[in-house]
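Asks: Handing you a structure now.
What follows is calculated from the coordinates using simple rules that are stated; it is not laboratory data. Quick caveat: nothing in here was measured; it's all calculated off a predicted structure. Reconstructed Cβ throughout: ideal geometry from the backbone, glycine too, with neighbour counts over all protein chains shown.
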Amino acid sequence: MNRMQIDDSVAEALSEGRAVVALESTIIAHGFPYPRNLEVARALEAEVRQEGAIPATIAVLDGIIRVGLTEDELKRLAEDSSVLKASTRDLAYATTQGLSAATTVSATMVIAERAGIFTFATGGIGGVHRGANETFDISRDLETLADTSVAVVCAGAKAILDLPLTMEYLETKGVEVIGYQTDELPAFYSRESRLAVPLRLDTPAAIARLMQQKRNLHLPGGMVIANPIPRSAALDKSYIDGIIEKALEDARHRGVQGKALTPALLSAIEKKTGGKSLEANLALARNNAYLAARIAKEHAALR
Ligand code: PSU
Ligand code: MN
């Protein structure tokens with residue numbers, strides 16, 4: 001990919017075959033409000049570093065695809081909520097127009113794959129939205145998971161989505177969904193969804209072996225590592241479900257659609273929970289960065 005710049009620390013780690021974890025930037029620019037988002041961005045990088053892996057936060061800055069950002073650049077993304085939210089279809093536009101953009105799971109995966117990064121941590125992937133049979137709103141994240149060979153560590157799909165339909169879609173696309181130390185699909189803010197995960201693995205080493213085997217078998221595509229939110233940070237399922245219902249209803253009334261929908265729902269949920277959803281979101285994202293770093297290290301040791 002032209003116009004891609006890999007930070008020195010990341011490039012060095014990659015050339016030496018050391019563990020690198022990709023991090024996305026939409027969660028910074030559009031997932032959390034300022035200044036909480038800056039704290040999140042720093043905390044995720046710190047989790048990865050603490051485990052001895054190198055973090056690579058991915059974004060587009062002034063038309064350049066960037067893999068690994070400086071502290072000042074993280075700050076810039078956190079402060080400027082006017083930056084584009086870029087999924088894969090926005091990358092050519094943002095880079096030719098010299099724009100800055102936060103990358104979603106899909107755009108981050110594509111860039112990570114081009115850079116040679118195999119492991120990626122986020123909060124929750126996008127998926128099939130509730131009411132998608134009418135709105136057709138299915139996140140680009142799912143298509144990219146189908147054909148981009150990066151493992152995505154997340155706390156399940158976001159609870160604002162239709163989780164059963166999201167799971168069906170991932171099955172159709174041949175994407176492994178692996179419960180980490182759980183038989184139940186985690187539902188982002190809470191640990192339970194009453195949906196079974198199709199696969200379960202209990203150690204980072206076992207996940208790394210599966211990633212490597214997928215390559216050996218020439219099976220292209222990504223996988224979802226579903227890591228439940230820590231118990232201490234989880235929100236009560238019936239409490240958060242009620243709030244999500246209301247947020248969805250409000251958004252429908254106001255006619256919010258397209259890529260504005262997910263950020264609008266997250267911010268409505270934040271207001272309705274008095275900020276509790278942000279605490280939960282931060283805790284789960286950190287937990288994912290931590291697990292991703294451990295998987296990346298095991299994977300680096302295998303290769
Ligand atoms: N997870 C979070 N916060 C977020 C997102 C995920 O905890 O803001 C973002 C991711 O970047 C994901 C995107 O790719 O939401 C999905 O957007 P959409 O539903 O428009 O496809
Ligand atoms: Mn959408």
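Asks: Which far-off residues, 5 or more places away or on another chain, put their amide H under 5 Å from the one on A155, with H placed in the peptide plane?
Replies: For A155, whose amide H was placed from the backbone, the distant partners under 5 Å are G124, I125, N227.
Asks: Further question on the same structure: For the ranges 157-166, 96-105, what's the packing order if you count other beta-carbon atoms within 10 Å of each residue, average per peptide, and put the highest first?
Replies: The peptides rank, most packed first, as 157-166, 96-105.
Asks: On to the next question. Placing +1 on the Cβ of each Lys and Arg and -1 on the Cβ of each Asp and Glu in segment 141-268, which of S238, M223, Q212 has its Cα farthest towards the positive end of the resulting dipole?
Replies: Going by the charge dipole, the pick is Q212.
Asks: Place a +1 charge on the Cβ of each Lys and Arg in the chain and a -1 charge on the Cβ of each Asp and Glu, then give the dipole magnitude about the Cα centre in debye, rounded to the nearest 20.
Replies: Result for the chain is approximately 140 debye, rounded to the nearest 20.
Asks: A further question on this structure: In whole Hz, what ³J(HN,Hα) sequence does segment 137-148 give by Karplus (6.51, -1.76, 1.60; θ = phi - 60°), x for Gly and Pro?
Replies: Those phi angles translate into 7, 10, 4, 4, 3, 5, 5, 5, 4, 5, 10, 10 Hz.
Asks: Mind listing the phi-derived Karplus ³J(HN,Hα) values for segment 11-28, rounded to whole Hz, using 6.51, -1.76 and 1.60 with θ = phi - 60°, and x for any glycine or proline?
Replies: Karplus-based 3J(HN,Hα) across segment 11-28 equals 4, 5, 4, 5, 5, 8, x, 8, 6, 10, 10, 7, 10, 8, 10, 5, 4, 7 Hz.
Asks: How big is the antiparallel share of DSSP beta bridges in the chain, given as a percent to the nearest 5?
Replies: Antiparallel bridges make up about 25 percent of those DSSP assigns within the chain.
Asks: Treating the beta-carbon of each Lys and Arg as +1 and of each Asp and Glu as -1, no other charges, what is the dipole magnitude of segment 152-291 about its Cα centre, to the nearest 20 debye?
Replies: My answer is approximately 360 debye.
Asks: A further question on this structure: Could you give me the ³J(HN,Hα) list for segment 213-220, computed from phi with Karplus coefficients 6.51, -1.76, 1.60 and θ = phi - 60°, whole Hz, x at Gly and Pro?
Replies: Each residue of segment 213-220 in turn: 5, 4, 5, 4, 7, 6, 9, x Hz.
Asks: Something else about it: Would you work out which of A41, T70, S15 lies farthest towards the positive end of the dipole of segment 12-71, given +1 charges on the beta-carbon of Lys and Arg and -1 on that of Asp and Glu, about the Cα centre?
Replies: A41
Asks: So what's the gap between the Cα centers of segment 16-33 and segment 225-247, to the nearest angstrom?
Replies: 22 Å
Asks: Among T119, T88, which comes first, then next, by fewest other beta-carbon atoms within 10 Å?
Replies: Fewest to most other Cβ atoms nearby, the residues stand as T88, T119.
Asks: So for M211, M167, M4, M109, fewest C-beta neighbours within 10 Å to most, what's the order?
Replies: Arranged by neighbour count, lowest to highest, M211, M167, M4, M109 become M4, M167, M211, M109.
Asks: What translational D, rounded to a whole number of µm²/s, comes out for the chain from Stokes-Einstein when the hydrodynamic radius is the Kirkwood one over Cα pairs, at 4 °C and 1.567 mPa s?
Replies: 69 µm²/s
Asks: Now, a different point. Would you mind checking the pairs K85/K237; K237/K276; K237/K272; K173/K297; K173/K271; K158/K297 and listing those with alpha carbons more than 25 angstrom apart?
Replies: K85/K237; K173/K297; K173/K271; K158/K297, as the Cα separations exceed 25 Å there.
Asks: Have a look at the DSSP beta bridges in segment 157-303 and tell me what percent are antiparallel, nearest 5.
Replies: The antiparallel fraction comes to roughly 20 percent.
Asks: Counting only residues 5 or more places away or on other chains, whose amide H sits under 5 Å from the amide H of A196 once H atoms are built in the peptide plane?
Replies: Amide H neighbours of A196: L185.
Asks: Could I ask something else about it? Could you list K297, K272 in order of exposure, starting from the residue whose Cβ has the fewest other Cβ atoms within 10 Å?
Replies: K272, K297
Asks: Report the charge-dipole magnitude of segment 237-303 in Debye, nearest 20, computed about the Cα centre from +1 at each Lys and Arg Cβ and -1 at each Asp and Glu Cβ.
Replies: The dipole magnitude comes to about 200 debye.
Asks: In nm, what is the difference between 0.36 nm times the number of residues separating S149 and A196 and their Cα-Cα distance?
Replies: 14.5 nm
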